[in-house]
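Notes follow the structure.
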Amino acid sequence: MTQIENVSRRKFLQGAFGAGAFVLAVRHARFIPSILAQGAPLDWQSEADRAAFHPNLFVGIQPDGTVYIIAHRSEMGTVIRTSLPLVLADELDADWKRVKIDQGIGDKRYGDQNTDGSQSVRRFFTTMRECGATARLMLLQAAAARWNVPAAECSTELHVVVHKASGRRLAYGDLAADASHLPVPKKEDLQLKKPADWRYIGKGAKSVDLENLCTGKAVFGMDARMEGMVYASIEHPPVFGGKVKTVDDQETLKVAGVRQTVSIDPFKPPAAFQPLGGVAVIADNTWAAFQGRKKLKITWDNGPNETYDSAEYKKELRETSHKPGKVIRSVGDSDKTFPTENVVEADYYVPLLAHTPMEPLVALAEFKDGKVTAWAPTQNPQAVQAIVSSQLGIAKEDVVCHVTFLGGGFGRKSKPDYVAEAAVLSKKLGRPVKVVWKREDDVQFDYYNAVAAMYMKAAVDEKGKPTAWLQRSVFPPISSIFDVTQVYGDPPHLAQGWTDLPYDLPSIRIENGPAQAHVRIGWLRSVANIYHGFAVQCFTDELAHRAHRDPVEYQLDLIGPPRTLDFTGVTYPNYGADYKTYPWETGRLRGVIESVAEKSGWAKKKNGKGHGFGFAAHRSFLTYVATVVEVEISDDGTIRIPRVDTAVDAGIVVNPEALRAQFEGAAVFGTSIVRTGEITAKNGIIQQSNFNDYPVARIHEAPAHTNVYITESSAPPAGVGEPGVPPFVAAFCNAIFAATGKRVRDLPLSSNGNFD
């Protein structure tokens, strides 16, 4: 008799690539310790911690020569689990083939673990170098002591210490035990490599996880298991801030596999990362949980946000953008009455945007003996510790968060409300609970990128150059999820492409107006730069064409000669970086503009009759980017993007191929924003639910070819995950104008078919 087995896609891949592949993946990649075991001990130690030679948090060396390096940031396609360890390995002079990456749990010892804001390499480049250099120096000292020679006579080659005068050599593993007894040297005693001696930095390496990802061995949040666990699917209040009035679960409990239903209390404002509340269906599997949830009969108290209507809200934002707002930055005589002659005005609008990573939210948690062990695809395991400890009334130290692979994140998975849900339910039920969000939950209960209305105004001279410039932005602030009274933009997000207008003009006035939030607002890939870059760069393009000037030449004229922007008296957080280390240098922006113009053959481009080229340039996350987008538009309105050219100055680049991948991905991400990115609400309820009504770019819609040109630089490393999005969005829209003569001032195209 033939036995029929229901085989998952993952199990099929594992079978196709060899038996035992999953166990091997865990053993060698050690992405999660003991993933198939019953949780994990709270005194969990990394392989680096347990190594014979463990000079610091991030590296350990065993006597067999194996080097363990901690990856304390989350892997979601950015290759950060490769790039940061690569920096340490370079300073250690380690053989990359003998390095194993150990995923760190949430632990304050590692410093900031929030894999967000394009800051992982920037924040930890020097730290990783110093950790590698520390281990290398101690190995040198151990070898020198064994040979009874001065340490200065010793040097390192790949995974060995060498005494060139005598020709003696000792492998790192042979020195591990000796080095472990030495005092850790002070930072000032370290000698970091010169860039010319870098072995890996700037050359990069393929992802250490590539094979596991391609063969189904990689461990994602949905793969986590604990004995005795149950599944939960939660019916959340349909309106933000709503709560349950009555529940009838009789039909739900009749569904095979459903065990019970459990109420989750509504959050107490501000929402922050608290669970939204609602009713959880507890079942033996996800299918039963989903089916049982469909049969719940709930009446809701929707609360004050029931009046939220996105169409009316758009009108409200636009009206506010035409009224005087809070002054954020003033240059020259901007306080004087704005000129009345030769004035150009334009309104721009970007709707709410959802994250929609390919992997919807999922988390497994067990509350036991007053402590929690969680497994989650999270961008911020320390935020998991904070919200779980707050919700359950336990110490942060009693929350262990193991980080799995993330099937995309874009900022959504730095907000751990879903992990808190699993922990709360586990405490209520007394057993491990895996919370699984459907795609519909993911779309309808997101932390959305803010809707924004921008009003732009310029008075121009006879050559079309602005003599006075006014820009006003209105958007519900991210800070509203932490403080419900906040209605004005917070400085970090105003600084994203708004406060830091780089133009050298005699009069500039930058303002911000108030906007009340009616949904959870959060950061999404490049955040406020999306709408600010769109407005500034498209308005600049409008002014250039109005003046009959080339957009590239026109923008270089507005930027003026190379200089460092002066923010004296202006609140400019600079993405959390020291301004002396990361100044805003217009010369670097000019550099990428000139580079992309040359590489793309901009001067030879011909526009019109459905074929056009758009240009935009923008600094975000301390990186300077300029982009040229080519579009072809057929008579039936079909839009193709044959080619994208992008020039990038991100300072020192650790992994060039990873950077290129990020900018290629940013072009696809930006395509989705321009074409179809729109979340709307009626009576407070989000109207979109899945990819059928919140589409992402398909293959035929995405750019066919994306060329990325990296500027050689000795400047400190900057961000690369997000900076590609803002200039692409604007350049795409400018290309549509070049091809059709129609301006795109409201996004997305799917709701704005005729343009302006």
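Observations, loosely collected:
- Exposure proxy ranking for PHE273, PHE482, PHE475, based on other Cβ atoms within 10 angstrom of each Cβ and starting from the fewest, stands as PHE482, PHE273, PHE475.
- For Rg/Rh (Cα atoms, Kirkwood Rh), computed directly from the structure shown, the correct entry in (i) 0.95; (ii) 1.04; (iii) 0.99 is (iii).
- In order through segment 323-328: 3J(HN,Hα) via Karplus (6.51 cos²θ - 1.76 cosθ + 1.60), integer Hz, x for Gly, Pro: 9, x, x, 6, 6, 9
- Between the listed residues LEU364, SER330, MET454, the Cα displaced farthest toward the positive end of the dipole of segment 330-464, a dipole computed from Cβ unit charges relative to the Cα centre, is found at LEU364.
- Distance violations [Cα-Cα > 21 Å] among LYS245/LYS268; LYS294/LYS438; LYS415/LYS682; LYS108/LYS415: LYS415/LYS682
- Under 5 Å between amide hydrogens, built in the peptide plane, is the criterion, and for THR404 it picks out ALA376, THR378 among residues at least 5 positions away or on other chains.
- For the chain, a simple Cβ point-charge model (Lys and Arg +1, Asp and Glu -1, everything else neutral) yields a dipole of about 940 debye relative to the Cα centre.
- Charge dipole of the chain about the Cα centre (unit charges at C-beta), most positive-ward option of PRO269, PRO514, GLY111: GLY111
- In order along segment 598-610, the phi-based Karplus estimate (6.51 cos²θ - 1.76 cosθ + 1.60, θ = phi - 60°) of 3J(HN,Hα) comes to 5, 5, 8, x, 3, 4, 9, 5, 10, 10, x, 6, x Hz; Gly and Pro are listed as x.
- Footprinting exposure proxy for CYS214, CYS131 (fewest neighbouring C-beta atoms within 10 Å first): CYS214, CYS131
- Cα lying deepest toward the dipole's positive end in the chain, options LEU749, GLY560, LEU317, charges on Cβ: LEU749
- Share antiparallel - DSSP beta bridges, the chain, percent rounded to 5: 75
- In order along segment 97-110, the Karplus-derived 3J(HN,Hα) couplings, from 6.51 cos²θ - 1.76 cosθ + 1.60 at θ = phi - 60°, round to 5, 10, 9, 10, 9, 10, 6, x, 7, x, 7, 4, 4, 7 Hz, and Gly and Pro are given as x.
- Taking amide H as placed 1.01 Å from N in the peptide plane, the amide H of VAL484 sits under 5 Å from none that are at least 5 places away or on another chain.
- Flagged links, alpha-carbon separation over 24 Å, of LYS97/LYS193; LYS100/LYS193; LYS457/LYS604; LYS217/LYS413: LYS457/LYS604
- Order of HIS402, HIS700 under a 10 Å beta carbon neighbour criterion, fewest first: HIS700, HIS402
- Taking each DSSP H run with n ≥ 4 as -39500 (n - 2.57) and averaging over every residue of the chain yields -8500 deg cm²/dmol at 222 nm.
We did not get these values from a lab; they are worked out from the coordinates using the rules stated. Everything numeric in this text was worked out from a predicted model, so none of it was measured. In this analysis, Cβ positions are derived from the backbone assuming ideal geometry, glycine residues included, and neighbour counts consider all displayed protein chains.
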